[in-house]
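Asks: Just passing along the structure, written as structure tokens.
All of the numbers you see were taken from the coordinates with simple rules; none came from a lab. The structure displayed is predicted, hence computed values, not measured ones. Here the Cβ is made from the backbone with ideal geometry for all residues, glycine too, and neighbour counts use every protein chain on show.
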Amino acid sequence: MTHAGSADSDLSGVTRRSFLGTAAAVTGVAAVVTALKPLLEADFDPGDLGSVEQFLQKHYKEMTPLEMEEALARIRRQVRERFDIEPNLRDARSLVGVEFVYALNLSRCIGCRRCVHACVAENNQSRNPEIQYIRVLEIPKGTIDIERSDHHYDHETVPDPDHFYMPVQCHQCADPPCVKVCPVEATWQEDDGITVVDYDWCIGCRYCQAACPYWARRFNFAEPEIPKDQINPDMAYLSNRPRPKGVMEKCTYCLHRTREGRMPACLEVCPVGARKFGDVLDPDSEVTQILRKKRIYVLKEEASTLPRFFYYFDERRPQIREGDAATEGAAS
Amino acid sequence: MAIGIAVCFLALAGWFLFGPASASFPRTESAVIAASDITIDPVRTVQTDQPVVKIAGFEMHCMNCHGLFESRPETARRLTQHQHIVLDHGLNDRCFNCHDNEQRDMLALRGSKKIPYKQVARLCAKCHGPTYRDWQQGMHGKALLRWDPDDPGRRPLRCSECHDPHAPAFDPLRPLPGPNTLRMGDPKDKQHGGEVDLKDPLRKWQLEIDNRHLPAEPGPSEGIDEGTAASAAEAIR
């Protein structure tokens, strides 16, 4: 080989060494130039790069109170710069001796999607591209067949007499597959049962999205867009502070509200009272009563993720005007 | 030769730099949601004690009129006042089933017991026992503000804050806009009732399954189960 190489150099003046050297150098330059290309694009936001502090920031569980205060100050500054508001940002810590559980009455839900949009407004989700934590499935009556469900329904009025409605959001599983697959421990389950994401630690690999049987995790494919007048200044580090591009997010049972004793936003907006929330360790809470006394359905129970989100039924079908006649016509 | 190689690579770098733009994320119009669409205010404002009725622009209490003019006890006749009230409450179509005949600013419990308007739930419990029981335990209806049942700030809504007592069934609602699923095109065309993309083996398989299980026209005898979700759950059990 050496001999052949020297023969080539005799002919052209290019040695194997100089060829490879030049090729590597030029490829390297080309790679660097390509990597810097986003700088030239019109919609490039320097905020995408993040700050040095953000880069050096520790994992949520390893931060000292002082470091957390510094991180909160940085986020407040970023929110002020981006949205011209002063956020009430804090680190809402997990409650002790509380296990949050959600119950949803399938007999009552009419599929009006009020919860979906109240959630978006409360949790500062991106309006465009659209990110929604709750997906309301419309399912033909007589079965709970997710394969035949549709979440793009568009009726003049709901409920449609031939369908029932099943809103699906994060089930806050007791054995969460999304947490198991995270390669960097950017998502974990807290003591009160809420699975959270540290948006500053997430690398955006989307493994958790693939692992979740409830399609509950959402990815920020692009820089989230929230109109300045619609931002909710009531924020917590682990829930609804503005997210950067390229990270996962999910329902947190509105932990900035619920950890302070308040109801989740989706519950308060429900016009038919189909949603119930509370502490399952409290024997008097409404969710405990429901789990004891109502008939319960667990979505994808066979996935064995032990959800903390339960569907339940009333003994009687509730009365909805107009819709009644049509249903009775179909049944008779 | 070396220069030739360098030129090749530089051309490549130039192509990377000035070539076709990288794919940008598609953005479409955002959903427009009015603040009134997602308000948490109770659906209805309810009569508290004392109940106030507006008659010809004047705010009147019940006994202002009913204390002066005696009205006859039979209740199936047409109203001469309160004509905006539409009564659509099934069998319960007599005024004095719920309103106290003598003291009109009270509600009528069993016998001659009278209760104030704010205890309307006890009145409803006369007929809707199971629902009343569920409501007491938080299984029916809605409570605002606090999730802890012992929290004094918790605000459970009373029956008449959601239901119109004269016509208690809910009206159907206009749904808010559905998800704007990007990158997938219009799902209605391909997945939901429209044309199925037969190049996709999964879709083809799904279509076969659907055709096998679903009759083309569900006849009346097939029957869509009236028990709805409840019976569906029964079936699953």
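Asks: Any idea what Rg and Dmax come out to for region A:60-113 if you just take the C-alpha atoms, in Å?
Replies: Every Cα atom of region A:60-113 included, Rg and Dmax give 18.1, 49 Å.
Asks: Using a simple charge model, +1 on the beta-carbon of Lys and Arg, -1 on the beta-carbon of Asp and Glu, nothing else, what dipole does chain A show about its Cα centre, in debye to the nearest 20?
Replies: Working: 42 positive and 51 negative charges, 57 e Å.
The dipole magnitude comes to about 280 debye.
Asks: Which value in nm describes the separation of the simple spin-label points at A:Asn88 and B:Leu145, placed 7 Å from the Cα toward the beta carbon?
Replies: Inter-label distance under the simple model: 1.5 nm.
Asks: Next question. Projected onto the charge dipole of region A:100-313 (+1 at Lys/Arg Cβ, -1 at Asp/Glu Cβ, origin at the Cα centre), which of A:Pro242, A:Tyr207, A:Pro167 gives the Cα projection farthest towards the positive end?
Replies: Result: A:Pro167.
Asks: Which lysines does B:Lys126 reach when only Cα atoms under 23 Å apart count, and residues fewer than 8 places away in its own chain are ignored?
Replies: Within the straight-line cut-off, B:Lys126 pairs with A:Lys293, A:Lys294, B:Lys113, B:Lys114, B:Lys118, B:Lys142.
Asks: Residues with amide H under 5 Å of A:Thr195's amide H, sequence separation 5 or more or different chain, H placed in the peptide plane at 1.01 Å from N; which?
Replies: Result for A:Thr195 returns A:Glu190.
Asks: Taking Rh as the Kirkwood radius computed over C-alpha pairs, what is the Stokes-Einstein D of chain A at 20 °C in a medium of viscosity 1.002 mPa s, expressed in µm² per second? Each step should come with its number before you reach the end.
Replies: Working: Rh = 22.9 Å.
In µm²/s, the coefficient is 93.
Asks: Hey, with R₀ at 60 Å, roughly what FRET efficiency would B:Gln81 and B:Phe16 work out to, going by the Cβ-Cβ distance, to 0.05? Write down the numbers at each step before the final one.
Replies: Details: r = 82 Å, r/R0 = 1.37.
Using R0 = 60 Å, I get an efficiency of 0.15.
Asks: Just to check I understand the Karplus step: with θ = phi - 60° and J = 6.51 cos²θ - 1.76 cosθ + 1.60, what whole-Hz values come out for region A:286-300, glycine and proline as x?
Replies: 5, 5, 5, 4, 5, 5, 6, 10, 9, 7, 10, 10, 9, 5, 6
Asks: Set the Förster radius R0 to 56 Å, insert the Cβ-Cβ distance between A:Ser304 and A:Thr34 as r into 1/(1 + (r/R0)^6), and round the FRET efficiency to 0.05. Walk me through the intermediate numbers first.
Replies: Numbers: r = 45 Å, r/R0 = 0.81.
That pair, A:Ser304 with A:Thr34, gives E of 0.80.
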